[in-house]
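A.B. asks: Sharing a structure here in structure tokens format.
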Amino acid sequence: MDLPNIVAMYRIKNEERWIKKSIESVLDVCSEVVILDDGSTDNTLEICQKMDRVDVTHQTNLPTDEVRDYTKLLKMTMEKKPEYILAFDGDEILAPNSKEILSEELNILYPENIVFSLQCLHIWDVPNKFRRDGILHTMWRPRLFKTTNITKNSEYKNSIYPGNLHANHIPDNMKGLDRPIVSNAKILEYGFYSEETRQRKYKLYNANDPYDVTKENQLYIISGKGYRSGPNGMEFRELPEKLVVDV
């Protein structure tokens, strides 16, 4: 059964470690990929430009503003006339069994629904282990949406963080965002994969969280401490073999 026309969109910067495998994974279900590169200084841009069915726009010397960028990216992606848009990050890989799942969900089970949330599994240290305590145990994110309700009034709202960090990947006034379908397709998230990346993100998020006066909001990234971790600290599970990606 053929999938509807899905186009993936990415806002990325310095994702050379994961971006090739990420794009390859979404092209299994997408006809095309649209990328807004926000001033990468590593090999990210070169990797993307060498790949087929990838449309890359590069911008430089702009202050960080995720709302500005997602607004621009959405417009670029809509020019491809997709039926659905899959919003993705450069350190994420779509699980290998997603094509069959999405084909059934979009064609048979939920063809009238607008927004779909995908579970994010945070892969930790090795390809077949994921963390599943605290907020990382129940993390579903709205990432796939039908374009029939995208209008000139669709908008991303400013976040409470500097540079509008952590802005939503899909418009905040999207119809159906308050009642998304929980898809069985999964995202393998590698943003916390190594100790080095965890420490780097911990420092970055702490530096850009003016409301975290107790400095506990981001502790879950580097430890099992803080209210965002589970009551028993860090807990891990083995990823099913059919979902493991060789990274």
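What follows is calculated from the coordinates using simple rules that are stated; it is not laboratory data. Not measured: the values here are computed from a predicted model. Cβ sites come from the backbone with ideal geometry, for glycine too, and all protein chains shown count toward neighbours.
A.B. asks: Which whole-Hz couplings ³J(HN,Hα) result when phi for each residue of the range 144-156 is put into the Karplus expression 6.51 cos²θ - 1.76 cosθ + 1.60, θ = phi - 60°, listed in order with x for Gly and Pro?
C.D. replies: Per-residue couplings from phi come out as 10, 8, 7, 8, 4, 9, 7, 10, 5, 8, 5, 8, 9 Hz.
A.B. asks: So what's the net charge close to LEU102: Lys and Arg +1, Asp and Glu -1, counting the other residues with Cβ under 14 Å from its Cβ?
C.D. replies: Value of the local net charge: -2.
A.B. asks: Under a 5 Å amide H to amide H cut-off, with H placed in plane at 1.01 Å, what residues pair with MET9 once short-range neighbours are removed?
C.D. replies: Excluding prolines and chain starts, which carry no amide H, the hits are VAL34, LEU86, ALA87, PHE88.
A.B. asks: What translational D, rounded to a whole number of µm²/s, comes out for the range 107-165 from Stokes-Einstein when the hydrodynamic radius is the Kirkwood one over Cα pairs, at 4 °C and 1.567 mPa s?
C.D. replies: 87 µm²/s
A.B. asks: Taking 0.36 nm per intervening residue step and subtracting the Cα-Cα distance, what contour gain separates ASN149 from ASP42 on full extension?
C.D. replies: Here the answer is 34.9 nm.
A.B. asks: Provide the packing ranking of 151-157, 12-18, i.e. peptides ordered by the mean count of other C-beta atoms within 10 Å per residue, highest first.
C.D. replies: Highest-to-lowest ranking by the protection proxy: 12-18, 151-157.
A.B. asks: Using +1 at the Cβ of each Lys and Arg and -1 at the Cβ of each Asp and Glu in the range 57-184, identify which of HIS137, ASN168, HIS122 lies farthest towards the dipole's positive end.
C.D. replies: ASN168
A.B. asks: Excluding residues on the same chain fewer than 8 positions from LYS129, give the lysines whose Cα lies under 16 Å from its Cα.
C.D. replies: LYS186, LYS242
A.B. asks: Counting Lys and Arg as +1 and Asp and Glu as -1, each charge on the Cβ, what is the dipole of the chain about the Cα centre in debye, to the nearest 20?
C.D. replies: Dipole of the chain, to the nearest 20 debye: 480 debye.
A.B. asks: Right, next: Write down the Kirkwood hydrodynamic radius of the range 134-181, to one decimal in angstroms, obtained as one divided by the mean of 1/r over all alpha carbon pairs.
C.D. replies: Its Kirkwood hydrodynamic radius stands at 12.3 Å.
A.B. asks: Using 7 Å Cα-to-Cβ label points, what is the TYR161/GLU100 separation (nm, one decimal)?
C.D. replies: Distance between label points: 3.6 nm.
A.B. asks: Below 8 Å between Cα atoms, with a sequence gap of 6+, how large is the relative contact order for the range 6-243 in percent?
C.D. replies: Relative contact order, the range 6-243: 22 percent.
A.B. asks: The range 61-107: D in µm²/s via Stokes-Einstein (Kirkwood Rh, Cα pairs, 37 °C, 0.692 mPa s)?
C.D. replies: Result for D is 248 µm²/s.
A.B. asks: HN-Hα J couplings of the range 49-60 from phi, Karplus 6.51/-1.76/1.60, θ = phi - 60°, integer Hz, Gly and Pro as x?
C.D. replies: 5, 8, 9, 6, 6, 10, 10, 10, 10, 10, 10, 9
A.B. asks: Might you report the magnitude of the Cβ-based charge dipole of the range 20-108 about its Cα centre, with Lys and Arg at +1 and Asp and Glu at -1, to the nearest 20 debye?
C.D. replies: That gives the range 20-108 a dipole magnitude of about 280 debye.
A.B. asks: Let me ask you something else. Compare the Cα positions of TYR193, LEU94, ILE150 along the charge dipole of the chain (+1 at Cβ of Lys, Arg; -1 at Cβ of Asp, Glu; about the Cα centre) and return the one farthest towards the positive end.
C.D. replies: ILE150
A.B. asks: Arranged from highest to lowest average of other beta-carbon atoms within 10 Å per residue, in what order do the peptides 99-111, 119-131 appear?
C.D. replies: 119-131, 99-111
A.B. asks: Among LEU36, LEU177, LEU144, determine the one that fluctuates most according to a GNM of the chain built with springs between C-alpha atoms less than 10 Å apart.
C.D. replies: With Cα springs under 10 Å in the chain, the top fluctuation among LEU36, LEU177, LEU144 is at LEU177.
A.B. asks: Right, here's the next one. Can you list the residues, at least 5 places off or on another chain, whose amide H is less than 5 Å from the amide H of GLY226, using H built in the peptide plane?
C.D. replies: Amide H neighbours of GLY226: none.
A.B. asks: So how much slack lies between ASP212 and HIS137, counting 0.36 nm per residue of separation and subtracting their Cα-Cα distance, in nm?
C.D. replies: Taking ASP212 through HIS137 to full extension adds about 24.8 nm, to one decimal.
A.B. asks: Could you identify which residue out of LYS186, LYS21, LYS203 has the top mean-square fluctuation in a GNM of the chain using Cα springs shorter than 10 Å?
C.D. replies: LYS203
A.B. asks: In units of 2.2 N^0.38 Å, what is the alpha-carbon radius of gyration of the range 6-243?
C.D. replies: 0.99
A.B. asks: Find, to one decimal place in angstroms, the Kirkwood hydrodynamic radius of the range 1-86, where the mean of 1/r is taken over every pair of different Cα atoms and then inverted.
C.D. replies: 13.2 Å
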